[in-house]
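This report concerns only the one structure given below.
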Amino acid sequence: MESTYFPITDWSEEDRPREKLMMKGKEALSNAELMAILIGSGSRNESAVALSKRILSSTDNLNSLGKMSISQLMNFKGIGEAKAIAIIAALELGRRRRSEDASEYVKKVTSSKMVFDMMQPIIGELSHEEFWVIFLNNSNKIISKAQLSKGGITGTIVDVRLVFRLALENRAIGLILCHNHPSGSLVPSEADKQITNKIKLAGESLDVKVLDHLIITETKYYSFVDEGIF
């Protein structure tokens, strides 16, 4: 027996996503209801909420959804270019907010977890590899951070001279190295170990200490210090 389709306009007012948000607050809405507000409407045979549920059920989580391209989203019946762009823009704003919140939280680095919380929104969900350096003062407070290289999934090339030129420009006393593994592996490669040692040795002659190196994935991280590599 076929299910009867009821458009959102036929729902009781307190169940409509927009009205529900106004009456009960954003926390009361499900992910599908929030997305339904974004896309505005469904199709002739499917409400915006049902369409949103269908899209969300096809992904592992919101992080996976955030990695979808416009064309991938448009493969879902009922999602045109404008709706796909709206979804991508909203998820990117969320990612940037997490990054800003984490940066504001980190006043003084006291653990590898704090570094992960700051860098995961920046590089944890990328499909390519990036290498970043965080510059710290003598109180372990962050001065700045910079992307040193950006490459394909097979790896990046790091210019050690650039690392320390930036360190001297920032008057940094310490460095924390970070890069992501799009594969999800937390095992450091030989190249990871070699570049870490190369930067550490270069830093010793300039009195700039490499404090840690983190490998970051979507949900976890590997700290060279925590694992006793340093």
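Key figures
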| read-out | value |
| --- | --- |
| Once exposed loop GluC sites (Glu not before Pro) are cut out (DSSP; at most 16 other Cβ, 10 Å), longest piece of the chain | 3-226 |
| Highest-first arrangement of 135-143, 58-66, where packing means the average Cβ count within 10 Å | 135-143, 58-66 |
| Antiparallel DSSP beta bridges within the chain, as percent of all bridges there, nearest 5 | 75 percent |
| Tally of Lys pairs whose C-alpha atoms are under 18 Å apart, taken over segment 109-223, 8 or more apart or cross-chain | 9 |
| Gain on full stretching of the segment that runs from residue 54 to residue 226 - 0.36 nm per residue minus C-alpha separation | 57.8 nm |
| Helix-only mean residue ellipticity at 222 nm for the chain, each DSSP H run of n ≥ 4 adding -39500 (n - 2.57), per residue, nearest 500 | -13000 deg cm²/dmol |
| Placed amide H near residue 149: partners under 5 Å, 5+ positions off or other chain | 131 |
| Total formal charge among the other residues, if their Cβ is under 10 angstrom from that of residue 229, Lys/Arg +1 and Asp/Glu -1 | -3 |
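Values quoted throughout were computed directly from the atomic coordinates according to the rules given, and no laboratory measurement underlies them. Being a predicted model, the structure only gives us computed values, none of them experimental. Backbone-built Cβ (ideal geometry, glycine too); neighbour counts: all protein chains shown.
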